[in-house]
Amino acid sequence: MGHDLRAALSISGINAGVFPRKSMKNITQEPIYLHDYQVPDYLIDTIDLTFELNEEYTRVKSLLNVMANPLATRQDRHLILHGEALELISIALNNKPLNAEQYEIKNDKLHIFSVPDEFTLEIHTLIKPQENTALSGLYKSCGNFCTQCEAHGFRRMTYFLDRPDVMARFTTTIIADEAKYPVLLSNGNLISIEKSEDGKQRVKWADPFKKPCYLFALVGGDLDSVEDYFITQSGRQVTLRIYVEKGNRDKTAHAMEAVKKAMRWDEEVFGREYDLDIYMIVAVSDFNMGAMENKGLNIFNTQYILANPETATDVDFIHVESVIAHEYFHNWTGNRITCRDWFQLSLKEGLTIFRDQSFTADTTSKTVARIQDVKDLRQSQFPEDAGPLAHPVRPESVIEINNFYTATVYNKGAEVIRMQQTILGQDAFRKGMDLYFDRHDGQAVTIEDFVKAMEDASGIDLTQFRLWYSQAGTPVLKIKDEYDAKTGNYTLHIEQTCTETPGQPHKKPFHIPVKMGLLDQQGKELLHDLLHIKNAKEVFHFKNLPSKPVPSLLRHFSAPVKVQYPYTNAELQLLMQHDTDLFNRWEAGQQYALNVMLKMIQDVHDNKPLHVPGEYISALNHLLLTMQHDKWLLAEMLMLPTEKYIAEYMTVVDVDAIHHVREVLATEIAKQLKPHFLTLYEEHHDVTAPYVFNIHEVGKRQLKNTCLFYLMLLNDETIPLGLKQFELALKTNMTDTMAALATLNNIDAPERDMALNVFYEQWKNDPLIVDKWFALQASSKLPNTLKQVKKLLHHSAFDIKNPNKVYALIGSFCNRNLHCFHTPDGEGYAFLKDCVLQLDKINPQIAARMVKPLSEWRRYDVGRQHLMHEVLEQIAQSKNISKDVFEIVTKSLKKQEIIA
Ligand SMILES: [Zn+2]
């Protein structure tokens with residue numbers, strides 16, 4: 001799945017108000033363990049499905065060809081099928097109906113007592129998609145039927161061996177009223193369309209590739225579509241079709257181009273070609289994740305398909321491309337080669353995130369793309385690694401697998417792939433990928449199989465490297481150096497540590513690849529190298545250096561670690577200006593800003609007056625004068641680290657001081673550099689130019705809007721500037737509209753309300769833009785924000801059943817508005833608790849995702865700790881919470897003591 005960490009985290013699947021079931025709901029909250037894995041007792045060779053879509057219910061007929069698994073060594077085989085929220089109509093084995101004594105349904109499992117080694121099984125079930133608010137299995141979104149089967153959605157349609165190592169050949173027939181549901185889609189190639197006199201249509205699809213059931217998909221609805229084609233490197237023509245809800249065809253051009261770009265890139269960079277005659281994408285409004293890679297029929301959240309200049313920002317345009325690439329790349333890394341079990345989730349997700357990151361780096365800006373990867377990792381994964389929910393990239397036990405669609409499995413998983421590429425080198429890594437594809441095509445495999453392919457192709461021993469998959473926690477590199485002026489010898493001492501994480505008190509040293517370089521005092525590069533840190537302590541010697549060099553460490557962020565090196569501000573400024581590694585120029589600037597702010601926070605604590613060092617401002621001034629050739633990077637370098645990132649560097653997070661200090665620093669920058677910002681703004685603000693999406697234009701807009709951000713901190717004198725941009729861009733350019741509105745959003749002035757109202761009136765019929773409107777108000781720094789958010793919960797455009805709306809309003813406030821969420825009275829926590837309990841009854845996956853900010857309670861002062869702990873307890877003690885929320889909450893509460 002392509003999940004969107006920028007919006008939110010993780011997913012689940014217990015039924016919530018879905019359907020009265022014959023078997024009583026009985027949540028088993030015991031974890032399952034990786035080490036308990038056993039091959040399935042039975043395999044399913046083919047599955048022939050028939051879905052009859054009606055308004056009141058959907059009838060599902062499933063005909064399975066089942067056989068005993070020759071690899072299963074257990075003496076007493078059991079045929080136990082998964083099924084949830086199903087009404088069973090009938091079962092027949094080899095065409096003979098089973099009576100009630102021949103099977104049992106208990107705890108979401110169907111146990112058939114006595115079966116031969118090879119047989120057919122025909123199962124009829126009834127489901128109610130229109131009542132499925134959990135959005136897992138078959139459900140309705142805006143009147144259209146669609147499915148989401150990963151991880152355990154398929155079992156909510158029919159009884160099946162719902163595990164990824166059972167791979168079957170699927171044939172699917174869909175029967176529905178043609179007038180209401182003219183479009184009927186499933187995986188693979190279209191076989192036939194029949195129409196009957198009662199107005200029903202019968203459409204049959206067959207997927208020639210074996211696949212696990214989590215890759216199954218079905219769509220039935222009245223949708224618009226656009227079509228194009230792609231010629232593969234071997235000369236085959238593939239039909240490309242994008243389906244959208246009525247009226248959205250004019251927002252699909254960018255997505256279609258992105259599909260073609262991704263297909264070409266995967267051929268050129270990894271030699272992978274598409275394998276079916278048709279590739280379809282369907283965009284739906286109600287979707288738990290970003291998108292899903294079902295074989296030949298990807299289903300997307302509309303957020304990652306619909307984009308045109310009037311309605312989407314630069315960032316939206318980039319996200320559409322990267323999510324489309326992600327799902328397309330899964331066809332090889334995920335579908336052709338899939339996971340043996342869900343503990344191996346990172347096998348497909350870490351690898352595919354790495355592939356989509358590489359695609360974005362190649363097609364936009366290599367440096368800015370990397371900066372974005374690292375920001376995502378630091379914002380989402382580092383806190384996870386430091387808290388009670390920390391788990392290895394390959395978890396060893398889970399209660400609800402949907403809780404493991406995490407930043408660790410996805411983003412840290414991608415870093416672990418990237419490190420293998422760094423250690424092996426580009427060529428050997430490509431050979432390893434080729435070997436992996438050759439060796440395992442058509443199989444369900446493990447992370448170990450992947451690493452083994454890398455080892456076999458390169459001859460490099462990755463034994464120690466494998467610890468990245470089994471040990472949780474973010475390693476810290478403490479680096480010291482010394483220089484001997486007499487001999488010219490320079491020495492780096494590197495010490496690695498990794499703190500305790502749940503269940504892992506002691507860590508073995510990791511194999512950490514550290515790209516580095518040395519600069520002389522004028523900023524000239526003296527050398528560069530790749531250091532392999534394998535022991536707890538390592539020493540590296542460099543000879544014949546004319547003077548003490550400045551080290552540039554962890555270039556391009558070559559490992560997901562924290563580096564501690566006592567840089568002076570002068571050294572950071574030198575790196576900002578001269579490092580040949582552009583990522584590290586940005587990193588030095590971030591480090592410098594962080595140092596300045598941490599010092600200021602200390603001053604707040606000591607009741608000293610705040611002082612912004614002049615050298616820091618002149619370092620930025622220098623950037624403005626010298627970096628204009630790379631406008632996008634310059635814009636990134638001008639931005640201060642986020643409040644969340646600053647919090648990472650504090651033992652006890654002081655949200656108020658962080659917020660205050662960051663505001664003071666930003667305002668001081670704005671005051672002192674105002675003339676530059678004004679000039680740059682005027683130079684790059686061309687209101688007559690039509691919106692074009694390319695790196696150059698994105699860079700210009702990002703720089704201009706960064707200048708606007710600073711200028712608008714000067715309030716009174718610059719409000720007209722932001723207002724003017726907002727008014728001019730409102731109907732034509734969403735990037736400029738949102739940039740202006742975001743700055744007005746933090747100002748307590750009548751212009752703010754006016755602009756928000758105008759924006760809503762202009763765009764109230766576009767749900768994705770209304771999401772932006774909700775998100776913006778939820779992220780306002782103004783003190784009455786929580787009150788506003790509560791009010792917006794009752795707004796006619798808000799719908800708690802729609803995940804995008806929940807992320808936009810509740811998620812933006814609780815997850816990203818640190819300052820307003822953590823008010824000392826605990827109002828924000830109580831608000832989140834109420835939302836989580838309400839959501840849990842509707843959609844447990846989303847509820848479990850929303851509750852996560854509370855898991856970090858130990859990071860705050862005693863007062864806030866108590867308040868957060870209290871609401872966690874209240875959630876834990878509520879009746880009938882889903883196992884999704886149960887797992888997150890109980891893990892968060894685990895160690896009961898409050899740390900003073
Ligand atoms: Zn994915």
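Results for (1) over 30 Å from Ile846 (Cβ atoms); (2) surrounded by fewer than 23 Cβ atoms within 10 Å (Cβ to Cβ), shown as yes or no for each residue.
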site: Gly247; (1), (2): no, yes
site: Ala258; (1), (2): no, no
site: Met263; (1), (2): yes, no
site: Glu273; (1), (2): yes, yes
site: Ile281; (1), (2): no, no
site: Met289; (1), (2): no, no
site: Met292; (1), (2): no, no
site: Lys295; (1), (2): no, no
*Out of Glu648, Glu587, Glu615, report the one residue that is in contact with a helix residue (DSSP H, G or I) (Cβ under 8 Å, 6 or more places away or on another chain), within 28 Å of Gln865 (Cα to Cα) and among the acidic types (Asp, Glu).*
Glu648
_If a residue must be surrounded by 20 or more Cβ atoms within 10 Å (Cβ to Cβ) and closer than 30 Å to Phe300 by Cα, how many such residues does region 780-815 contain?_
16
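Step by step: first the residues of region 275-297, then only those that are under 20 Å from the mean Cα position of the chain (by Cα), in contact (Cβ under 8 Å) with a residue 60 or more places away in the chain and within 21 Å of Ile191 (Cα to Cα), then the one that is nearest to the ligand (Cβ to nearest atom). Which residue is that?
Asn294
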*Residues of region 866-881 being surrounded by fewer than 18 Cβ atoms within 10 Å (Cβ to Cβ) and over 16 Å from Arg849 (Cα atoms), which ones?*
His866, Glu870, Glu873, Gln874, Gln877, Ser878, Lys879, Asn880
*Please work out if Asp736 is of a type in the set (Asp, Glu), modelled with pLDDT of 95 or more, closer than 26 Å to Gln379 by Cα and over 23 Å from the mean Cα position of the chain (by Cα).*
yes
_Residue in region 851-858 that is within 22 Å of Ala134 (Cα to Cα) and in a helix (DSSP H, G or I) present_ = yes
*Condition check for His326: part of a helix (DSSP H, G or I), in contact with a helix residue (DSSP H, G or I) (Cβ under 7 Å, 6 or more places away or on another chain), more than 12 Å from the ligand (Cβ to nearest atom) and in contact (Cβ under 8 Å) with a residue 40 or more places away in the chain*: no
*asked:* Whether any residue in region 615-628 is at pLDDT 95 or above, surrounded by fewer than 17 Cβ atoms within 10 Å (Cβ to Cβ), more than 32 Å from the chain's Cα centre (by Cα) and part of a loop (DSSP other than H, G, I, E, B) is what I want to check.
replied: no
_region 457-492, subset closer than 21 Å to His511 by Cα and among the β-branched types (Val, Ile, Thr), residue farthest from the chain's Cα centre (by Cα)_ = Thr491
*Which of (1) small (Gly, Ala, Ser); (2) over 30 Å from the mean Cα position of the chain (by Cα); (3) at pLDDT 95 or above is the odd one out, the single condition Ala689 does not satisfy?*
(3)
_Within region 334-359, tally of residues that are near the ligand (Cβ under 9 Å from one of its atoms) and within 14 Å of Val269 (Cβ to Cβ)_ = 2
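Here is a yes/no grid of residues against (1) of a type outside the set (A, V, I, L, M, F, W, C); (2) more than 33 Å from the chain's Cα centre (by Cα); (3) more than 30 Å from Pro116 (Cβ to Cβ); (4) modelled with pLDDT of 95 or more:
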position	(1), (2), (3), (4)
Phe19	no, no, yes, no
Ile27	no, no, yes, no
Tyr33	yes, no, yes, yes
Leu49	no, no, no, yes
Asn54	yes, yes, yes, yes
Tyr57	yes, yes, yes, yes
*Yes/no for Thr718 being among the β-branched types (Val, Ile, Thr) and closer than 23 Å to Gly828 by Cα*: no
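Quick check: is even one residue across region 792-813 assigned to a helix (DSSP H, G or I) and of a type in the set (S, T, N, Q)?
For region 792-813, residues assigned to a helix (DSSP H, G or I) and of a type in the set (S, T, N, Q): present.
Can you name every residue in region 105-121 that is closer than 25 Å to Pro70 by Cα and under 43 Å from the mean Cα position of the chain (by Cα)? Before you say what the answer is, go through the steps one by one.
First, the residues of region 105-121 that are closer than 25 Å to Pro70 by Cα: 109-121.
Result: Lys109, Leu110, His111, Ile112, Phe113, Val115, Asp117, Glu118, Phe119, Thr120, Leu121.
Residues Leu138, Leu185: which one is buried (at least 24 other Cβ atoms within 10 Å of the Cβ), in contact with a Pro (Cβ under 9 Å, 6 or more places away or on another chain) and assigned to a strand (DSSP E or B)? Explain how you work it out, then say what you get.
On the way: Leu185 fails: in contact with a Pro (Cβ under 9 Å, 6 or more places away or on another chain).
Result: Leu138 is the single residue among Leu138, Leu185 that is buried (at least 24 other Cβ atoms within 10 Å of the Cβ), in contact with a Pro (Cβ under 9 Å, 6 or more places away or on another chain) and assigned to a strand (DSSP E or B).
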_helices (runs of 4 or more DSSP H) (entirely within region 412-518) containing at least 1 residues that are free of Cβ contacts under 8 Å to residues at least 24 places away in the same chain and of a type in the set (Lys, Arg)_ = 426-440, 447-458
*(1) without any contact (Cβ under 8 Å) to a residue 24 or more places away in the chain; (2) surrounded by fewer than 20 Cβ atoms within 10 Å (Cβ to Cβ); (3) among the β-branched types (Val, Ile, Thr): which one isn't true of Val758, the others all being true?*
(1)
*Would you mind stating whether Asn294 is in contact with a Lys or Arg (Cβ under 8 Å, 6 or more places away or on another chain), farther than 26 Å from Lys772 by Cα, at pLDDT 95 or above and not small (Gly, Ala, Ser)?*
no
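Here is a yes/no grid of residues against (1) part of a helix (DSSP H, G or I); (2) touching a Pro at 6+ places or on another chain (Cβ under 9 Å); (3) in contact (Cβ under 8 Å) with a residue 12 or more places away in the chain; (4) under 30 Å from Thr363 (Cβ atoms):
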site	(1), (2), (3), (4)
Ala670	yes, no, yes, no
Thr679	yes, no, no, no
Arg701	yes, no, yes, yes
Leu711	yes, no, yes, no
Leu728	yes, no, yes, yes
*Out of curiosity, is Glu321 part of a helix (DSSP H, G or I) and closer than 23 Å to Tyr436 by Cβ?*
no
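Filter region 694-707 for residues that are among the hydrophobic types (A, V, I, L, M, F, W, C), surrounded by 20 or more Cβ atoms within 10 Å (Cβ to Cβ) and either within 29 Å of Ala255 (Cβ to Cβ) or at pLDDT below 95 (or both) and give the result.
Val698, Leu703
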*Please state which one of Asp771, Asp766, Asp753 is under 27 Å from the mean Cα position of the chain (by Cα), surrounded by fewer than 20 Cβ atoms within 10 Å (Cβ to Cβ) and acidic (Asp, Glu).*
Asp766
*Scan (1) within 16 Å of the ligand (Cβ to nearest atom); (2) within 21 Å of Gln372 (Cα to Cα) for the single condition Ile318 breaks and write down its number.*
(1)
_Qualifying residues in region 426-456 (those that are farther than 27 Å from Val166 by Cβ and either acidic (Asp, Glu) or within 23 Å of the chain's Cα centre (by Cα) (or both)) - the one surrounded by the most Cβ atoms within 10 Å (Cβ to Cβ)_ = Glu455
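Got at least one residue in region 302-310 being of a type in the set (S, T, N, Q), farther than 24 Å from Gln443 by Cβ, within 15 Å of the ligand (Cβ to nearest atom) and in contact with a helix residue (DSSP H, G or I) (Cβ under 8 Å, 6 or more places away or on another chain)?
Checking region 302-310: not a single residue is of a type in the set (S, T, N, Q), farther than 24 Å from Gln443 by Cβ, within 15 Å of the ligand (Cβ to nearest atom) and in contact with a helix residue (DSSP H, G or I) (Cβ under 8 Å, 6 or more places away or on another chain).
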*Criterion: within 30 Å of Ser380 (Cβ to Cβ), of a type in the set (Asp, Glu) and not in a strand (DSSP E or B) - qualifying residue of Glu538, Glu571*: Glu571
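The values are calculated or read from the model by the stated rules, or taken from the named source; none is laboratory data. Remember, predicted model here, so these are calculated numbers, not experimental data. Note that we place each Cβ from the backbone using ideal geometry, even for glycine, and neighbour counts take in every protein chain shown.
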